[in-house]
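> Attaching a single structure in structure tokens format; questions to follow.
The values are calculated or read from the model by the stated rules, or taken from the named source; none is laboratory data. Worth saying up front: this structure is predicted, and the values here are computed from it rather than measured. When we count neighbours, we look across all protein chains shown, and the Cβ atoms used for this are built from the backbone with ideal geometry, even at glycine. Remember, those area values only see protein heavy atoms, side chains included, never the ligands or the DNA or RNA. Shrake-Rupley method; radii C 1.70, N 1.55, O 1.52, S 1.80 Å.
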Amino acid sequence: MGWDPAAELTEEERKSFRTGGHEGERLWLNVPGPFWTGTTDNCWTGRMEAPDNVLYAAESAYCAEYVFRQPKNPAQVRAVAEAAWAEVRGEYGCDGDLHWTPAEVRSWWAGRGRVAEHLAESLADFEANDYAVVAEAAAGVRDFQGYLGGGLAGDLRAYVFRLEEGRYPEAGERLPEL
């Protein structure tokens, strides 16, 4: 658990991410963590590069890309960096640790019902379409729904630990509550 995904980025990969992002620019659907998106294009390139980490919002949120799962390994970091590179507006960030606070993470988690509602809306949008890429996005929504109801809480507790302690927890360390 002691691994820092943003530290995995090469200098070249970092060039694909925006710098100096502001809180108001972060799309509310992003799962708290070092990687995030702002108001991306709606070209749907993110899941082509990072299907385990990136999802598309419903039509009501302009089908923007967002990070629904923070990278768990170097391959996923590379994939998110590729998604950032492919996003033409430059709206991916890798400095979330500078913008999230423990209180904001807890607030996001407390408001996860809003995220769940949006996922239901997204699934309805996507399942009403016959295109293969849209069917794949629907599979991503179901993946996020499972994550939201399963392992995300533990991941967020580890992230709050990082924000409070300046490092990710080691195995067996007590994690803060959400």
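> So, how do all the Cα-to-Cα distances of the chain break down into 10 Å bins, in percent, from 0 on up?
Once binned at 10 Å, the Cα pair distances of the chain give 10, 40, 38, 11, 1.
> Please name whichever of 85, 68, 102 sits farthest to the positive end of the charge dipole of segment 33-178, dipole taken about the Cα centre and charges placed at Cβ: Lys and Arg +1, Asp and Glu -1.
Farthest towards the positive end: 102.
> Write down the Å³ per residue value for the convex hull defined by the alpha carbon atoms of segment 117-178.
Numbers: hull volume 6.4 nm³, N = 62.
In segment 117-178, the Cα convex hull volume per residue is 104 Å³.
> How far, in degrees from 0 to 90, does helix 112-127 lean away from the longest principal axis of the Cα atoms of the chain, to the nearest 10?
Relative to the chain, helix 112-127 is tipped by roughly 30 degrees.
> Mean residue ellipticity at 222 nm from the helices of the chain, using -39,500 (n - 2.57) per DSSP H segment of n ≥ 4 over the full residue count, to the nearest 500 deg cm²/dmol? Could you put the intermediate results ahead of the total?
Values: 7 runs with 77 residues, N = 178.
My calculation for the chain gives -13000 deg cm²/dmol from helical runs alone.
> Express the carbon and sulfur contribution to the solvent-accessible surface of the chain as a percent, rounded to the nearest whole number, probe 1.4 angstrom. Write down the numbers at each step before the final one.
Details: 4400 of 8420 Å².
The value for the chain is 52 percent carbon and sulfur by accessible area.
> Using a 10 angstrom Cβ neighbour count of at most 14 plus a DSSP loop assignment to flag exposed GluC sites (Glu not before Pro), which longest range of the chain is free of such sites?
Details: sites that count: 170, 173, 177.
Of all site-free stretches, the longest is 1-169.
> Can you give the angle from 0 to 90° between the axis of helix 132-148 and the longest principal axis of the chain, with both taken from C-alpha atoms, to the nearest 10?
The two axes meet at around 30 degrees.
> How tilted is helix 74-86 with respect to the longest principal axis of the chain? Cα atoms for both, answer in degrees (0 to 90, nearest 10).
50 degrees
> Trypsin sites (Lys or Arg not before Pro) within segment 59-155: which are DSSP loop residues with at most 16 other Cβ atoms inside 10 Å? Walk me through the numbers before you get to the answer.
Details: sites: 69, 72, 78, 89, 106, 112, 114, 142; in loops: 69, 72, 89.
Within segment 59-155, the qualifying trypsin sites (Lys or Arg not before Pro) (loop, at most 16 other Cβ atoms within 10 Å) are 72, 89.
> Further, regarding this structure: For segment 65-157, take N as its residue count and report Rg(C-alpha) divided by 2.2 N^0.38 Å. Write down the numbers at each step before the final one.
Values: Rg = 14.5 Å, N = 93, 2.2 N^0.38 = 12.3 Å.
Here the answer is 1.18, to two decimals.
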